[in-house]
Amino acid sequence: MSSVKDNNYFVRITTRDGLDDLQKGHNGILFNVDFNSWSYIKKIFIRAVAAPNALKFGMKLIDSGFQDLEKFWNLLIEEQGQFVCDEQEKSVEIDFIPWARRIFAETIMLMTTNRHPNLLSTYYDRITNKNPQKNLYEEFFDRLSIASDCVQYYLMVPPFIRNFPIINIYTNYLYKNMTWTRNYTYNLVKERLEEIESIDDNEKLSTDMLSMLLTANKSNDNNEKPMTNEEIGDNIAEILIEGVDSPSNTLSFVLYYIGNDPDIEQRVLDEIDNIFGDGPDFNVTYEDLSKLEYIEAVIKEVLRVRPVTATITRFATHSDQIDEFQIPSSTHLSVNILSLHVHQNYWEEPTKFNPLRFLASSNNEKETYDKNALVYFGGGLRMCPGRQFAMTLLKMMVVLLYSKYKFEVITKEPLAQNSINTQCKELKIRIRCLKG
């Protein structure tokens, strides 16, 4: 695909396909049909999460969040843990999904809004009955997940079905939730704007994405129509949704596949030991993460068999021809990622989970793959701009988790939901501390 403004396949899906009803389609990165608006937001997004300093800042936030996670897990093990079989250390059973979502949510919230929601501590207090009430941040992130479902629902279900009696009850529930979420992000924007206006020295501004959007929108160097506060809020909500759902689902599947193959788990542990040593306490640097070839291969293999999105769509603005296929203008095209990633024409033993296929060389025969057959972060002009950020944080989380804990996967098969996005809905695991 060309990366120029007149790219024939820039539009992912037209606004009339449910996006207009949600006041989407002309802001954000995912579904924006306005090239100028999309490219403007993308530039700010890349500055906020893809620049080297941003990657290192994200690592710092993940490390801080993991320290909180470790504290609460150790408390759970101490308070609720049991000795299983002949184990010498206590272990406790948990659902990994809520914890994964919260550690990524705290990181993304800090990077986008400079707000610390303390989701890990409030979740721990709730499940241990120390404080069973949800706070406003927890309600917001729960509603963000429903807002994501709402977008998928509006894209997949035609209006006449959405408005059908009885079904319209669910439609109204999703829409009201979207309205609540939108109002919450609007208030975040207003609060941050007031904070910015009260600061005389711009050098004292934080480098979160919301501040970047507000200051860039105020200066408006490109002489374009400024975004409204509501549009900025929608952009932030979109980034929070994708920044939480995708990495938390992928990390959960990583634990599942590692935990179900002792050989893969041992290679992961060996790589961590080789790079960081066999002690539990070490500092993870960006340069260290670049050396994690096998762990990156594991993550890629997870993204092959459990891709973030089940399909990608494009809209042909003009007629085109690809090989022998004639494509009329205004045609919607869809690529079945799930099928592509396990197609026997492109993958050797496609149903086998085998991270070695992504290594340049191994003790076995060198394995190669068609890079066009792996679309785990999208492709072309609309490829995910946060792909490097996501891979960096995922590798760091694998290192931190497996250097501190021993995991036993209890769930036989992850409860996964494949619609537009692939979601891991539950992953029961047993955790115990590794001896220092």
What single numbered condition from (1) exposed (fewer than 14 other Cβ atoms within 10 Å of the Cβ); (2) touching a Lys or Arg at 6+ places or on another chain (Cβ under 8 Å) fails to hold for GLN67? (2)
Among the residues that make up region 362-379, is at least one of them open to solvent by 40 Å² or more (accessible area, probe 1.4 Å), in contact with a Ser or Thr (Cβ under 8 Å, 6 or more places away or on another chain), farther than 22 Å from GLN152 by Cα and assigned to a loop (DSSP other than H, G, I, E, B)? no
Restricting to region 170-218, name every residue that is β-branched (Val, Ile, Thr) and either farther than 30 Å from PRO159 by Cβ or in contact (Cβ under 8 Å) with a residue 24 or more places away in the chain (or both). THR181, THR185, VAL189, ILE196, ILE199, THR207, THR215
Pairing a residue in region 345-367 that is closer than 16 Å to LEU303 by Cβ with any residue that is among the charged types (D, E, K, R) and at pLDDT below 60, where Cβ atoms lie under 9 Å and the two sit 6 or more apart in sequence or on different chains, gives ASN354/GLU367; LEU356/GLU367; ARG357/GLU367; PHE358/GLU367; LEU359/LYS366; LEU359/GLU367
Filter region 189-218 for residues that are open to solvent by 30 Å² or more (accessible area, probe 1.4 Å) and of a type in the set (Gly, Ala, Ser); which is modelled with the highest pLDDT? SER198
Subset of region 400-423 (residues that are modelled with pLDDT of 85 or more and in contact with a helix residue (DSSP H, G or I) (Cβ under 8 Å, 6 or more places away or on another chain)): LEU400, LEU401, TYR402, SER403, LYS404, TYR405, PHE407, GLU408, VAL409, THR411
Residues that are without any contact (Cβ under 8 Å) to a residue 24 or more places away in the chain, part of a loop (DSSP other than H, G, I, E, B) and of a type outside the set (S, T, N, Q), drawn from region 66-102: PHE83, CYS85, ASP86
Only one of PHE31, PHE45 is under 19 Å from the mean Cα position of the chain (by Cα), crowded, with 18+ Cβ neighbours inside 10 Å, assigned to a helix (DSSP H, G or I) and at pLDDT below 85; which? PHE45
Checking the conditions here, which among GLU89, GLU106, GLU93 is open to solvent by 30 Å² or more (accessible area, probe 1.4 Å) and modelled with pLDDT of 85 or more? GLU93
For region 282-328, what are the residues that are of a type in the set (D, E, K, R) and open to solvent by 60 Å² or more (accessible area, probe 1.4 Å)? GLU287, LYS291, GLU293, ASP323, GLU324
Which of the residues belonging to region 320-348 are of a type in the set (Ser, Thr, Tyr) and more than 24 Å from LEU155 (Cα to Cα)? TYR346
Run ALA100 past the list (1) open to solvent by 10 Å² or more (accessible area, probe 1.4 Å); (2) of a type in the set (Gly, Ala, Ser); (3) modelled with pLDDT of 90 or more and report the number of the one that doesn't hold. (1)
Test of understanding: among GLY25, GLY58, GLY18, which residue is touching a helix residue (DSSP H, G or I) at 6+ places or on another chain (Cβ under 8 Å), crowded, with 17+ Cβ neighbours inside 10 Å and over 16 Å from PRO385 (Cα atoms)? GLY18
When restricted to LEU333, LEU338, LEU356, the only residue modelled with pLDDT of 90 or more and under 26 Å from the mean Cα position of the chain (by Cα) is LEU356
Just one of the numbered conditions (1) in contact (Cβ under 8 Å) with a residue 60 or more places away in the chain; (2) of a type in the set (A, V, I, L, M); (3) surrounded by fewer than 18 Cβ atoms within 10 Å (Cβ to Cβ) is not true of ALA51; which one? (1)
Candidate set from region 251-263 (those that are in contact with a helix residue (DSSP H, G or I) (Cβ under 9 Å, 6 or more places away or on another chain) and open to solvent by 10 Å² or more (accessible area, probe 1.4 Å)); member that is nearest to LYS412 (Cα to Cα): TYR256
Return the pair list, or none, for Cβ contacts closer than 9 Å from residues in region 269-294 that are among the acidic types (Asp, Glu) to residues that are open to solvent by 30 Å² or more (accessible area, probe 1.4 Å) and not in a helix (DSSP H, G or I), at least 6 apart or on different chains. GLU271/LYS291; ASP281/GLY436; ASP288/PHE282; GLU293/ALA360
Return the residues of region 306-338 that are free of Cβ contacts under 8 Å to residues at least 40 places away in the same chain and of a type outside the set (Val, Ile, Thr); say none if nothing qualifies. SER319, GLN321, ASP323, GLU324, PHE325, GLN326, PRO328, SER329, SER330, SER334, ASN336
For MET227, all conditions in the list (1) assigned to a helix (DSSP H, G or I); (2) among the aliphatic types (A, V, I, L, M); (3) open to solvent by less than 30 Å² (accessible area, probe 1.4 Å) hold save one; what is the number of the exception? (1)
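Taking helices (runs of 4 or more DSSP H) that fall entirely within region 232-311, which contain at least 2 residues that are among the β-branched types (Val, Ile, Thr)? Steps first, answer last, please.
Details: elements: 262-276, 286-289, 293-305.
Result: 262-276, 293-305.
The values are calculated or read from the model by the stated rules, or taken from the named source; none is laboratory data. Computed from a predicted structure; not experimentally measured. Cβ atoms come from the backbone with ideal geometry, glycine included; neighbour counts cover every protein chain shown. Protein only, heavy atoms only, side chains kept; ligands, DNA and RNA dropped before computing areas. Shrake-Rupley method; radii C 1.70, N 1.55, O 1.52, S 1.80 Å.
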